[in-house]
Structure formats: C-alpha cells, structure tokens
Amino acid sequence: MSPTPNSLRTRLAVLTAASLLAAVAPVGVTAAHAQVIRDRQGSSTDVSRSTWSGPAYTFNGSGGVVAATMTQAINAIRGGTGSIDVVVLAGSDGGTPECDDIIGLSGVNSCTTLTLTAARDGDNAQVNTDIRNAEFVYFAGGDQCRYAAWKGTALEASVESVVAKGGGVGGGSAGHHINSDIVYDACGGSATSSIALDNPYDRSMTFTTGMFRWPNYANTINDSHFAERDRMGRTMAFVARAIKDGRTSGGAAWGVGLNEGASLFVDRFGLATLSGSSGYVVLGDHQPEVAVAGQPLTYSNFKIWRLTSGQTYNFANRPSCGYYLRSVTNGVPSGNLYSGTPVTDCSTDPPPPPPAGSSHAEVEPNDSRAAANDVTTNAYPLTITGDMKSSSDRDYFKVSVASGQTLSVTCAIPSAYDADLYLLASNGSTVTRSVNDGAGADESASFTRTSSGSATYYVELEAYSGSGTADYTCTVSKS
C-alpha cells in the first residue's frame, strides 16, 4: 500500500531533523551522548624537551586569561627559550575563548581546548595524552563541582605530572577554586556570605580535599569574584570550617580571595605577585569559638592581607606582619571586611631567607618502587608533600645517594593518621626506619652511604593506621 501524504511528510521531517543535527554536531558528539570535544590551535606537533624550569601558576578572580600573568608563567616554564604546549580544560562547551587569547602569546607552540561533559571523561585516553604532553594546564570558568568529579580519574594524576616535570597550572573563577588545597566545590549550591556566617554547616558548604596539592600552597581555600559578590564572609566561614573539621595539616587555613580582573602569578619558590584588581589572603590560626551546625559563626581575629597590583605574598615563607584584624560574633562581622589598617608593620622585619632547595608534590600512582616519583634531579633540601589516601596507601620516592653522603628524612605527620617512614635500598631491603606510634607522630630517619659510587634508594611513607587527605610534609636533605 502506498504511504499517505501525511506519513510522507512525517518521515521527511524526521529525516530533515536528523540531517540538521548531524550537520551542526561537533566532532565526537552524537544525539545520544556528548563526548569529549577537542579543539587544537597552533602547531599539530607537541614540543619535545627533557627539562622545564617551573612550576609556575596563575590564579584569576574571573574566568578569562590574564595576559600579564600568563606570559609570566610561560616564560618561567620555558626558561626564556623555546615554546610550550597548553591545554585548557572546560566542563561545558563555551567555545575556545581561553585558547584564542593564549595562542597569540609569545612562547606558545599550541593550545588545545578539551571540553569534558561527564566525570568518566577524566579517564579518556586522548585527554590524558594531551595533558601529559602539555607544559601548562588551565582550568576554565564554569562549575567547579564538575571539575571536582574528576578526582580519582586518570586526569588528576596527569595534571599533577605536568607540575612535577616543571610545567604549570592555572585557572579562573571555578578554575581558581579547583587549584586550592581545600576546594569549595559548590556541589550543594552556591553559598552566600550571609548563609555561610549564619550557619557554616549549611548544605551549600561542601568541600573536596585531596585532589591537587601544589608545592608551597598547602592549607589554602580559593575564592573568586570576591568583593564584587561580597564573598569575604563566606571565605571566613570556609577557613573556620577547614580548621574545625581537621582538613588542614597544621591547625591553620589561608583563604585566597581574588576580585574580578585580579590575577596571582606564583613562582616556583612560592612567591605570589598580584596583577590587576585587589586580592585578599585570610588567615585563621586557631580553632573557632563557635562553629556548630545550625548556629551562627563566632571567630575572633581573622588576619587579613589586602594585596594591590604589584604587591607580593610569600606562600613558602608566610608573613607574620602586615595584616589587619576582623572578627565574627554570632554571624556578624566587625567593621569593613575589605579594608583596614595593618596592626603590624613589615618594614622592620628582616627579609625572608633566599629560596633554597626545591619542593615536590606527590603524584599518584606511586604505590611501589617501580612507580616511585623520581626526585633524583631535584635540588636539596627537598620538601615533599602528599597524603595517605587509604589505610593501605604507600608512597615511594626515588633518590640517589653518593659515597660518604648522609641522607636524612624528617616527616611531619598530620593528626588524621599514623604513618611510618622507611629508607630502602634499590632491591627493596630496609636500610633504616622510623615507626613511632600514634596518629600525628612525626617520623625521622637517616643513614650514611659508605660504599663507593652512587646508588639508588627509596623513601617510603606507609600508612600504619587511619587515612585522610591532610598533607604530610617530609624534608629530605643530603650532607
């Protein structure tokens, strides 16, 4: 039987719609599920080079790239010569505005925008190849809850590998949030200052820890669009919660709030320089007087540094001067939160000691000698940070010790778990160990190599009981 005119029109309409969908869908997108969108600009071939001069970081108060700090990071990573490859990570398709700006900067070989629309995209092979081949990873603005969902995927370790090889990371708005040690993930909705101060345990106050831990940037909580959206109050609540909940490794937390248009460049030694609008560092260094679910926050004497363009803040040697004080009583702040007269003067303080040694943030997986993080070429003394993500976690770091040289390792262990320290020979046999009992008990061990020549050894930190995302810090020295 011949089809009716109406049925023909229906079939033609369906075919036409399907044709239009195929015409407008980007590569990798189907009607059923949006896959990773990949857009590469510049050279189709990655730079090949064995050493880089970073790490370097750029943190922005709003989503866009800031040319001044991005250029600083590019130059720091490439050491003034050659060029780098950049990857931009986005959680939703907004085009390629970041790469459009980055590709025109001097020293950029390529810029690839990767739009990941599902948490499982963090395990995408092409995504991780692009990241590991890059020298800088920039997290775009958007929804940091989507970025937090990449925790535990291969993407997390891939981004860490970029920093470990001397590259860098950055981000703006949501991308600024995801780069702090303690991440306000906004997975329960966006908290306002009034909500956070009235109840620091409101359902919108949710955090992700143990994702990224950049050298010199421990115990930080980033916030964006700061003064424009009046977010000082909620950052104060973030800081109080981090301390109260034991999310920090030393009983103190630093909020880093950036206004729109503000950008921090942080060099390999932890020295941050602000460009553009104002930024703030908010320190809480004691337990809150009142931080209880359903009750307003009370916290005395937050220490606040206000930074303007060109000013610096040293995250490696954090200052003890130059701040003004503000308190919160029953949810009500004292005075103007965004300006104040410093109660201490830094002009009489001696300058911090010059940078020495280097730092390394643990890159998982490093649960065996074969997968150990190789720190043989790092400068010493070396500061290593990491955490015991499970009660069976083991972290290995590969070092080299010369004849007559003494290797010393001292580890500060947070109160969240008990970890033991082992120094191992290349075959895995124990040379010496430190196994002090109790959560938070520090460990220290050393030995002197008496045989001729140099040899490979391993520093192993092993979870004995408990686990957590609070960082341990190990100082490794040779003498």
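Worth pointing out:
- Pairs exceeding a 30 Å alpha-carbon distance, out of Lys244/Lys398; Lys389/Lys478; Lys303/Lys478; Lys165/Lys244: Lys244/Lys398; Lys303/Lys478; Lys165/Lys244.
- When the P(r) of region 215-293 is calculated, the portion above 22 Å amounts to 28% of the C-alpha pairs.
- Separation between Cα centres of region 246-325 and region 184-213, rounded to whole Å: 17 Å
- At most 16 other Cβ within 10 Å, DSSP loop - trypsin sites (Lys or Arg not before Pro), region 191-257: Arg203, Arg229
- Once you divide the Cα radius of gyration of region 352-420 by 2.2 N^0.38 Å, the number left is 1.22.
- For the chain: span of alpha carbons on each principal axis (Å, largest first): 93, 61, 44
- Only beta bridges with both residues in the chain are counted; by DSSP, about 70 percent of them are antiparallel.
- Spin-label pair Asn436-Ala412: with each label point 7 Å from Cα along the Cα-Cβ axis, the two points sit 1.3 nm from one another.
- Using C-alpha pairs below 8 Å separated by at least 6 residues, the relative contact order for the chain is 11 percent.
- Long-range tail of P(r) for region 358-478 (Cα pairs > 26 Å, %): 12 percent
- Given charges at Cβ of Lys, Arg, Asp, Glu: the chain dipole, positive-most of Val66, Val476, Thr344: Val66
- With contributions of -39500 (n - 2.57) from each DSSP H run of at least four residues, the per-residue ellipticity at 222 nm computed over the chain stands at -5000 deg cm²/dmol.
All of the numbers you see were taken from the coordinates with simple rules; none came from a lab. Fair warning: this is a prediction, and the values are worked out from it, not measured in the lab. Counting neighbours? That spans all protein chains shown, and the Cβs are built from the backbone with ideal geometry, glycine included.
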